[in-house]
1. Which of the following residues is within 30 Å of Ala344 (Cβ to Cβ) and β-branched (Val, Ile, Thr): Val219, Val209, Val192, Val214?
2. Within the range 343-383, track down each residue that is open to solvent by 90 Å² or more (accessible area, probe 1.4 Å) and either at pLDDT below 90 or in contact with a Ser or Thr (Cβ under 7 Å, 6 or more places away or on another chain) (or both).
3. Identify the residue in the range 157-174 that is among the small types (Gly, Ala, Ser) and open to solvent by less than 10 Å² (accessible area, probe 1.4 Å) and, among all such residues, is farthest from Pro269 (Cα to Cα).
4. Could you tell me which residue of the range 278-305 is modelled with the highest pLDDT, considering only residues that are more than 26 Å from Gln224 (Cα to Cα) and polar (S, T, N, Q)?
5. If you go through the range 217-227, how many residues are closer than 25 Å to Gln181 by Cα and open to solvent by 20 Å² or more (accessible area, probe 1.4 Å)?
6. When you scan the range 189-209, do you find a residue that is open to solvent by 40 Å² or more (accessible area, probe 1.4 Å), closer than 16 Å to Gly125 by Cα, in contact (Cβ under 8 Å) with a residue 40 or more places away in the chain and of a type in the set (A, V, I, L, M, F, W, C), even just one?
7. Filter the range 99-124 down to the residues that are modelled with pLDDT of 85 or more and in a loop (DSSP other than H, G, I, E, B), then identify the one that is farthest from Phe166 (Cα to Cα).
Amino acid sequence: MALSSQRLEASLGKRVKLTLTCGAFQGVLQHVCLGSGLLLHTVELLDEPDSDKGTAVLSKCTSALEENKGGDTGTADGGPWTSPCFSPERQLRALNSLNLNSLPGNEEEEKVEYTVVDCFQQKFGPAVLHLKQQHVISVVGEGVNLCCHGKLSWLQVATKSRVFLFDIFLLGPQAFTNGLQMVLEDKNILKVMHDCRWISDCLFHQYNVLLVNVFDTQVADVLQFSVATGGFFPHRTCTLQECLMQHLKIPSRWNTLMKCKQQMALENPDMWFLRPLPASVFQVLALKAKCLLLLHSSLMDNFMSDLTGVVRAYLNTSQNGPEDHLGSIKPTCMELPKELRQLADIQKLRREKAVKDYRINEDGLLIRPPIELNEGSPQKDETH
């Protein structure tokens, strides 16, 4: 028989010992998923299983935990919040699998400030209020198999001055009904995302959140590539890390951090459900959200470059050309000016250069090589 919810909640924050058939575990009880499992952090695997009934404060919960071993799929009706917490032994394996020594040191000048929002008291309300006052935010999701059947664990949201890390695993669906849904569905707030298909699928089917007014940096990168090559499209899209190296001059350590995080997540997806996450992983979550905003600004500048170039030509002709250069042109004339016609010549030159710089596949798409991490300045497409 499992312990009462009151007794379990009274043990929150205390070090407890669990005796399972596979061994004994000790850690701090951080969260209770009633009817499904427990969440511990600072987990230790004890050398010998202890069967003494008096040594395990929560040993009566063993049967509940054992029933949930291997059952992480949850139910379609209940959503991700009904998914069981993964067992202590899986927590320990996940912690041991994180090769934190491979992460670069945290240089003070490159740290990103962030706020972890894992409860509704104190932090949640002010965070949502701040987001509702913004015109542009970035949104990133982390979890396992993010789609309509996946599990969302973290939602990172950044503004120009703040980065919030919302712990969706602990907050549950109430995080959206209590304010995040209003922000994500606000048509007056631009949401900057990278390949929004997956997180949108998850948010819509699991939390009934309908994303609107999204600037997708993956789409923008492809369109920018097309402009830079005179109308060609690449044979593949770029990852967020590649886009950051392509368009931003960011410290190489940031790229290394995100690359390490990506590799750790591939090796052990359960890392997103560890509590607490190591500070170095928190840094990566905050970095991704912050860099998305910087990427949005860079891509917008790229999109505007042709426009500003033609406007500059307009002004140059007016200010430095002959005094009567407009004398023969009526103000109502809608004929395409020579300054705008020059764009066709520019596109032709870009297209010719692209054919020389890239191979073309059978579909007529330019074969875009992968962008390797450069410890110096970021790489750029040769046609940019």
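The values are calculated or read from the model by the stated rules, or taken from the named source; none is laboratory data. All of these numbers come straight from a predicted model, not from anything done at the bench. Here Cβ is always computed from backbone atoms with ideal geometry, including for glycine, and neighbour counts include all displayed protein chains. For the accessible areas, the whole protein counts, side chains as well, though only heavy atoms, and no ligand, DNA or RNA atoms are used. Shrake-Rupley method; radii C 1.70, N 1.55, O 1.52, S 1.80 Å.
1. Val219
2. Within the range 343-383, Arg351, Glu372, Glu375, Lys380, Glu382 meet the criteria.
3. By that ranking, first place goes to Ala158.
4. In this case the residue turns out to be Gln283.
5. 2
6. Checking the range 189-209: not a single residue is open to solvent by 40 Å² or more (accessible area, probe 1.4 Å), closer than 16 Å to Gly125 by Cα, in contact (Cβ under 8 Å) with a residue 40 or more places away in the chain and of a type in the set (A, V, I, L, M, F, W, C).
7. Once the filter is applied, the top-ranked residue is Glu113.
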